[in-house]
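Visitor: First the structure, which I've put down as structure tokens, then a few questions once you've had a look.
The values are calculated or read from the model by the stated rules, or taken from the named source; none is laboratory data. It should be emphasised that the depicted structure is a prediction, and the values quoted were computed from it without experimental measurement. Every residue, glycine among them, receives a Cβ derived from its backbone with ideal geometry; neighbour counts consider all protein chains shown.
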Amino acid sequence: MQAVTVAVESLVTPRRDRVDANKLAKRLRRQVGQAIADYNMITEGDKVMVCLSGGKDSYTMLDMLLQLQAKAPVRFELVAVNLDQKQPDFPEEVLPRYLEGLGVPYRILEQDTYSVVKRVIPEGKTMCSLCSRLRRGALYTFAEAEGFTKIALGHHKDDIVATFLLNMFHGGRLAAMPPKLQSDNGKNCVIRPLSYVRERDLQAYADHKGYPIIPCNLCGSQEQLQRKQVRRMMDGWEAEHGNRIEQVFAALTNIAPSQLADRRLFDFATLGGDPAVAQDWLMTDADRD
């Protein structure tokens, strides 16, 4: 009897795993599709540059966009683009082999940003800011030259909340990563299709799919990065409160300018008084005399 029970369980468990994986994939597709719809990220005829780093987030983003492309109400083109930054021991054959296996159009850019970062940033200092700036510049330039209308980045909900907290705690401003962004020069439009997706779901999906993950060896050992400190704080919230990160993200989509203090976003000066008189308060005693 025990042998029969074990045999039945061995059959049920793989089926349960398949069902759970299907539910997860369905949830990811729904969340990505909802984000695309809410922010009008992809429109008819778009040529989307899918930035593929070799991490779980960008692999899943490409996967979801490919699945949605087959049933989307608009026609759009996807091209996977990887920037080879010439980090030591970077396995440059991994992404081409993976993308060729999928039959996905791709381009590999080569730019030695690694040497620049190592030369400019002192040992032990944070490298991410310069590395990101150089990477962004290379991708923006390529996108403009090749006629891409959208640049898809793999930032997820946890990244957006972490950036908001970093800006608040260390930059003194309320700002995060918007789901959709026009570059400063107006020539590139950045989209973040994973904006509604939690990192834990991306990790679970990547584990299920068995993506050939390529780690970042440039800054991964910098344990004192402010972002890592913020992420540890968020992990603590998650363990204690469960939905705190969801609540912070919800707050970013439900802003009341009149309940804050930014005079550029709300005209406080005209509330219950004459703005001209308000300026008199700026005068010093000497000015009054």
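Visitor: Output the number of the condition that Pro193 fails; it satisfies all remaining conditions of (1) farther than 30 Å from Gly45 by Cβ; (2) out of contact with any His (no Cβ under 9 Å at 6 or more places or on another chain).
Guide: Every condition holds for Pro193 apart from (1).
Visitor: Does segment 135-146 contain any residue that is surrounded by 13 or more Cβ atoms within 10 Å (Cβ to Cβ), modelled with pLDDT of 95 or more and of a type in the set (A, V, I, L, M)?
Guide: Scanning segment 135-146 turns up at least one residue that is surrounded by 13 or more Cβ atoms within 10 Å (Cβ to Cβ), modelled with pLDDT of 95 or more and of a type in the set (A, V, I, L, M).
Visitor: Still on this structure: Tell me, which residue of segment 38-72 that is over 19 Å from the mean Cα position of the chain (by Cα) and modelled with pLDDT under 95 is nearest to Glu100 (Cα to Cα)?
Guide: If we take residues in segment 38-72 being over 19 Å from the mean Cα position of the chain (by Cα) and modelled with pLDDT under 95, then Ala70 is nearest to Glu100 (Cα to Cα).
Visitor: Quick one: which residue in Val116, Val161, Val104, Val79 is hydrophobic (A, V, I, L, M, F, W, C), modelled with pLDDT of 95 or more and either in a loop (DSSP other than H, G, I, E, B) or farther than 19 Å from Pro193 by Cα (or both)?
Guide: Every option except Val104 fails the conditions.
Visitor: Another question, if that's okay. For segment 52-62, does any single residue satisfy the condition of being in a loop (DSSP other than H, G, I, E, B) and either of a type in the set (A, V, I, L, M) or over 23 Å from Asp201 (Cα atoms) (or both)?
Guide: Checking segment 52-62: at least one residue is in a loop (DSSP other than H, G, I, E, B) and either of a type in the set (A, V, I, L, M) or over 23 Å from Asp201 (Cα atoms) (or both).
Visitor: Take segment 244-274 and flag every residue that is exposed (fewer than 11 other Cβ atoms within 10 Å of the Cβ) and under 20 Å from Asp201 (Cα atoms).
Guide: Ala250
Visitor: Could you grab me the full set of residues in segment 170-193 that are out of contact with any Ser or Thr (no Cβ under 7 Å at 6 or more places or on another chain), in contact (Cβ under 8 Å) with a residue 60 or more places away in the chain, part of a loop (DSSP other than H, G, I, E, B) and over 18 Å from Val230 (Cβ atoms)?
Guide: Residues satisfying the conditions are Arg192, Pro193.
Visitor: Just give me the residues in segment 82-96 being touching a residue at least 60 places away in the same chain (Cβ under 8 Å) and not in a loop (DSSP other than H, G, I, E, B), in sequence order.
Guide: Val94, Leu95
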